[in-house]
1. Using the count of nearby Cβ atoms within 10 Å as a rough guide to exposure, how do Glu106, Glu227 rank from fewest to most?
2. Which whole-Hz couplings ³J(HN,Hα) result when phi for each residue of segment 210-216 is put into the Karplus expression 6.51 cos²θ - 1.76 cosθ + 1.60, θ = phi - 60°, listed in order with x for Gly and Pro?
3. If amide H atoms are built 1.01 Å from N in the plane of the peptide, which residues on other chains or at least 5 residues away come under 5 Å of the amide H of Arg146?
4. Roughly speaking, what is the centre-to-centre gap between segment 167-219 and segment 1-51 when only Cα atoms are used, to the nearest Å?
5. Hey, what did the chain get for relative contact order, percent, Cα under 8 Å, at least 6 apart?
6. Could you tell me the calculated FRET efficiency between Ser225 and Leu13, based on Cβ-Cβ distance and R0 = 25 angstrom, to the nearest 0.05?
7. Using 13 Å as the cut-off for backbone N distance, which residues of segment 138-176 belong to the label zone defined by a point 7 Å from the Cα of Gln189 along Cα→Cβ?
8. Between Ala158 and Gln133, what is the spin-label point distance in nm, taking each point 7 Å from the Cα along the Cα→C-beta axis?
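Read-outs: derived from the displayed coordinates by stated rules, not from any lab. Note that this is a predicted model, so its numbers are computed, not measured. Every residue, glycine among them, receives a Cβ derived from its backbone with ideal geometry; neighbour counts consider all protein chains shown.
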Amino acid sequence: MAVTVLEICVDSLESALAAQAGGAQRIELCTALAEGGLTPSLGLLRAVGERVSIAVNVMIRPRGGDFLYSEEEVAIMRTDIALAAEAGADGVVFGLLTEYGDVDRERTRTLIELARPMEVTFHRALDMTRDPQAALEDIIRAGADRVLTSGAEPTALAGRHRLEAMVRAGGDRIRVMAGGGIRPGNVQQIARESGVSEFHAALRYAVPSPVQYQARTMHLGDAASDEYTRYIVRPEDVRALQQAILTCREPASLVGS
């Protein structure tokens, strides 16, 4: 039976500690989750490294938007990879595409080689490619250890059949991690029908600000944003998802015993 891994995406020390307390095996550390995740600050990375004992993979993404990067942006990614290594990160997470919707094979390979001996996850940029199966082969040839994907659908549940095809195609050449709307109520079906053994979830929980005076007519970011709500990970939510995953992996004779 494959070993199951639960990775929680976090953007704060508080959420990183909650993910560990809830039983996650790994965190993906980033910032700006509303934009899909950007590179975290070095200060946050160091703080998490000092307080968290589970594996920490660091998002390497210099800006929001698409995954077609300039040479200047790739240079920033190279620096951020080096800083993550110096801070003791276990792995890095990135994805580069071409203007035609293919994996940028050469620059992906270069960044993977730079990242060693850290492990490398190619993130959900795969889900934005024109041919996900061909993209998977490009990612494998580039040397990534893992790919995070929803099966090129809005959610992993909707993409579970393509996930299964990716697991079969990847074999022992790459690990396929399911991400996109993973919850206790659907993870068992995703696991059974896709065959994945690694799961990625954000589990963001809204927390209202305790600030008494609120300048509600002001918006420092997008007009739809709410400066008086933040999002955290709660240990109990991680624990519930972890239990659902473990229950799915137990032999049928043990379930409910």
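1. Glu106, Glu227
2. For segment 210-216, the Karplus curve yields x, 4, 7, 8, 10, 7, 5 Hz.
3. Answer set, sorted by chain and number: Val120, Phe122, Arg175.
4. First find each Cα centre; the distance between them is then 12 Å.
5. Worked out over the chain, it gives 19 percent.
6. 0.70
7. 155-161
8. So the label points at Ala158 and Gln133 sit 2.1 nm apart.
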